[in-house]
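Below: the structure, in C-alpha cells.
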Amino acid sequence: MHGSPLLARRLWITALIVPPLAFVALFVVYPIISAFAYAFFQWHGLARGEFVGFANFYKVLFTQPYADWTVNAFLNNVLVFFALMVLQNGVGFLLAYFLWRELPGAAFHRVAVFLPVVLSTIIVGFLWKLFLHPLFGVVNISLRGTGLGSLAQPWLGQEGTALWALIIANAWHMVGFPTLVFLAGMQRIPGEILDAVRMETESEWVKISKIVWPLVAPSATIVFTLLFVGSFNWFELPYIMAGVDGSPHKATDVLGLYFYRTAFGDQSGSGQDFGAGSALAVLIFMFIAVVAGFITFRLRAREIQI
Amino acid sequence: MAQLTLSGIKKGFGPVEVLHGIDLEIKDKEFIVFVGPSGCGKSTLLRLIAGLDTISAGEFRMNGRRMNEIAPSRRGIAMVFQSYALYPHMDVYENMAFGVRLMGLDKAEIERRIADAAQMLRLGELLKRKPRELSGGQRQRVAIGRALVRKPQLLLLDEPLSNLDAALRSDVRLEIAKLHRDIQGTTIYVTHDQVEAMTLADRIVVMNNGRVEQFGSPRELYERPANTFVAAFIGSPRMALLDVERQGNRLGLPGSGSLSLTRLPQIDERELVLGVRPDSLTITTDLAAEGFKGSVIYTEYLGDNTFIYVRLGNGTLVSIRTADAVELAPDTPVVVQVLPDAAHYFSRSTRERLAA
C-alpha cells in the first residue's frame, strides 16, 4: 500500500499530540476562559446569577471602597517590583560579579547564595517571621546587643516597615536565582575579551558598565521578565507573613492577596464576591501578559550574540 | 619607542613553575618572535609583558622603568589576541574608539586616528559593522586597528595567524611585516610556527620548557644553533641528528659504517651528536663509497627539489635534499655522505653546540 507509512506516521503524531493538548485545554485554557466568563456574571456565593456585562470591572475599578483598595494594592506591587529590581536583581548582579571574579571563598558563597532558593516559601516566611519577632527575633536582639536598641521595632507590625520587611525577606529568598543566571551569562564571556578590556582600562566600573553588563543582557531579559511576573503575582510570602488582609491596615496588601480576599472572603470569611474577584483576576492577567510581552520584546532587541 | 629588559623572570601557577628565569634584552624598533612548541611558556611570557598576569620573580623594565606593578592599561602596550577578542556589542568604529576614549583624547584626534588606521588596514567600508558580520581576516584587521589607534610603544601579537586559513596566512604575514616597518615601534610576536618566525623576525627567542634555548637572528639560529633543540626546531625538513662515536678524525655510526670529516670539535668527548641539514647530505648508490649505509624509505618529488628519506643502519631516519630528479625505489641500499664544513656538532651529554 502506497500511503500507509505516511498514515502510520500521522497516527503516531496524533497519538502523541492529542493527550497533552487535551490536558492543557482542560486544565489551563478552560479555567482561564471560564474566569474571563465568570467576570461578566453576577454571583451569589458560588451560584451564578445573571449576565452583567462590565459591571464587575466597573465595580473594582471605579466604586468605593474597591477602587481605593485596587489602587493601594497595585501601587504596593509597583513598589515591590522596583524594590526587588534593586535588592534582588541588582544585588544578584553584584554577587554574580564577585563570584565570577573568584574572590576568596567563592566556592562556598556560590552554594550559600543559592541555598535559600531551594527552601520552600512557607519555611522562608516562618523563618523571617521569627527573625523579625519584636521581642525574641534575632534582628531586634542583634540591634539591642550592639547598642542600637533604639532602632529595634515591630517590623511587621507597623505600616512604614511591614512591606519593606516582606521585600527583604523575598530578596533574601530569591537572590540566588538572578545571581545564578547572571553568573552563567558572565561565564559565557570569552576570557580574551576581558583581557582586551584590561589592556585598555583598569577601571572596574568601565569594565562592568561598558562590557560585562551589555554582554549579559540576554540573561537580564529573562531575569527582568520573571521578576515582573513574580512581583505582580506575589502571593505566598505576604499571605504567610502578613495574612490575607494585608495587615497592618492594608500596608502589605498586594493584588494577589486582594484578589484572593475579594473572591474567597477575608480572614473572617465575609465579603466574598466571585464576580469582582474574577474581574480582578482578568485585569491582573491582562496587565501582566501585556507588560511582560512588551518587556521581552524590547529587551530581546538589544541582546547580543557573543 | 620601547626598549625592554627582562631579568630573571619567573612565573609559577601554584606549585608549578612554568617559566624558570628568562633574561632578554630587546632593542627599540625590533621585531621579536617568541617561538616554541605548545606549552613552552611563550604565551605566558607575553602575558607577563602585557601585565595580564603577575610576575612571580624577576624584573621587567621598559625604557628603564620597572613595570612589574604597573597596570596593563598604563604600560603603553597594545595587544592583538589569538581570537581577536573584539567587543561583540560594538561596531568596528566603537571597537577602535573604546580604548582611545578612555585615554582621554579629544574627539577630533580620535576620529583622525581611526580614519588613519581604517585607511591603512582597508577598514573604511566596515566601520559600521558588528564583529559577527565580518570574516576572519576582517576581524583580524580590526583587532590590529584597535591596537594601532592607541599608538602603543610596544605591540604584542599572540598567534595572530592561527585562526586564518592557509591562503590568507601568507598575505597577512606580509601585511604584519609592512605594518611593523610603518609604525616604527617595537613588536613582539608569538607563534609555534618556525616559518612565521624565520620570515618575520629581526631576532627570534626559541623557547622550550619555560626556558630560552637561544636568542638570535634567524640566520644565527639556522647557521649556528646553540643546541640540539634549536637545531631540530628551526629548518624544514628537520636537521638530522646522529649519535656518532669519534675515533680520531673518523665518526662512526653504529651499524652504519663511518666517515672521516675535517674540522672536528677540539674536545676529548668520544660520544657526539652530528647534525646535518637535508641540503648538506648527498646520496650515492655506490656501496663502496665512504659514508653511512642505509636504505631508501620514500622519495618525495616537489618539482624544484626532491627529498629522499633514508633509514640508516642504526634506525635513524634522515632526509636528503637533491636538486636532481633522482628516482630511487624503496629499499634501495645507499650510502649517505656529509658535505664537509656543513656539519654541526653537539655534546651527547649536554646537547650543547661544540665549536668546530
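The values are calculated or read from the model by the stated rules, or taken from the named source; none is laboratory data. This structure is a prediction, so every number in the text was calculated from the model and none was measured. Heads up, the Cβs are rebuilt from the backbone with ideal geometry, glycines too, and the neighbour counts pull from every protein chain shown.
Residue by residue through the range B:107-147, note down the ones that are among the basic types (Lys, Arg) and outside any loop (DSSP other than H, G, I, E, B).
Selection gives B:107, B:112, B:113, B:132, B:139, B:141, B:146.
Go through B:11, B:29 for me and flag whichever is of a type in the set (Lys, Arg) and part of a strand (DSSP E or B).
B:11
Can you tell me which residues in the range A:128-137 are surrounded by 16 or more Cβ atoms within 10 Å (Cβ to Cβ) and part of a helix (DSSP H, G or I)?
A:128, A:129, A:131
A quick yes/no check of all residues on (1) in contact with a Cys (Cβ under 8 Å, 6 or more places away or on another chain); (2) assigned to a helix (DSSP H, G or I); (3) among the aliphatic types (A, V, I, L, M); (4) not assigned by TED's automatic domain parsing to the domain that holds residue A:261:
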position	(1), (2), (3), (4)
A:64	no, no, no, no
A:68	no, yes, no, no
A:96	no, yes, yes, no
A:114	no, yes, no, no
A:139	no, yes, yes, no
A:153	no, no, no, no
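Please enumerate the residues belonging to the range B:43-74 that are within 14 Å of chain A (Cβ to nearest Cβ) and loosely packed, with under 14 Cβ neighbours inside 10 Å.
Within the range B:43-74, B:54, B:69, B:71, B:74 meet the criteria.
Which one is nearest to the other protein chains (Cβ to nearest Cβ) among residues in the range B:96-133 that are over 19 Å from residue A:206 (Cα atoms) and surrounded by 19 or more Cβ atoms within 10 Å (Cβ to Cβ)?
Here the residue is B:131.
Going through B:190, B:195 one at a time, which residue ends up being buried (at least 18 other Cβ atoms within 10 Å of the Cβ) and either outside the structural domain of residue B:217 (by TED's automatic domain parsing) or under 20 Å from residue B:233 (Cα atoms) (or both)?
Selected residue: B:190, the only one of B:190, B:195 that is buried (at least 18 other Cβ atoms within 10 Å of the Cβ) and either outside the structural domain of residue B:217 (by TED's automatic domain parsing) or under 20 Å from residue B:233 (Cα atoms) (or both).
So in the range A:181-230, with the set limited to residues that are within 16 Å of the chain's Cα centre (by Cα) and not β-branched (Val, Ile, Thr), which one is farthest from the other protein chains (Cβ to nearest Cβ)?
A:230
Please specify each residue of the range B:148-172 satisfying the condition of being away from chain A (no Cβ under 14 Å) and not in a helix (DSSP H, G or I).
Passing the criteria: B:161, B:164, B:165.
Evaluate the following for residue B:326: is it modelled with pLDDT of 85 or more and surrounded by 14 or more Cβ atoms within 10 Å (Cβ to Cβ)?
no
Only residues that are within 11 Å of chain A (Cβ to nearest Cβ), over 18 Å from residue A:212 (Cα atoms) and outside any loop (DSSP other than H, G, I, E, B): list them for the range B:79-95, please.
B:79, B:80
State the number of residues belonging to the range B:198-216 that are over 24 Å from residue B:8 (Cβ atoms) and buried (at least 21 other Cβ atoms within 10 Å of the Cβ).
Residues meeting the conditions: 1.
Report, by residue number, each residue of the range A:231-260 that is under 16 Å from the mean Cα position of the chain (by Cα) and either surrounded by fewer than 18 Cβ atoms within 10 Å (Cβ to Cβ) or within 14 Å of another protein chain (Cβ to nearest Cβ) (or both).
A:233, A:235, A:236, listed by residue number.
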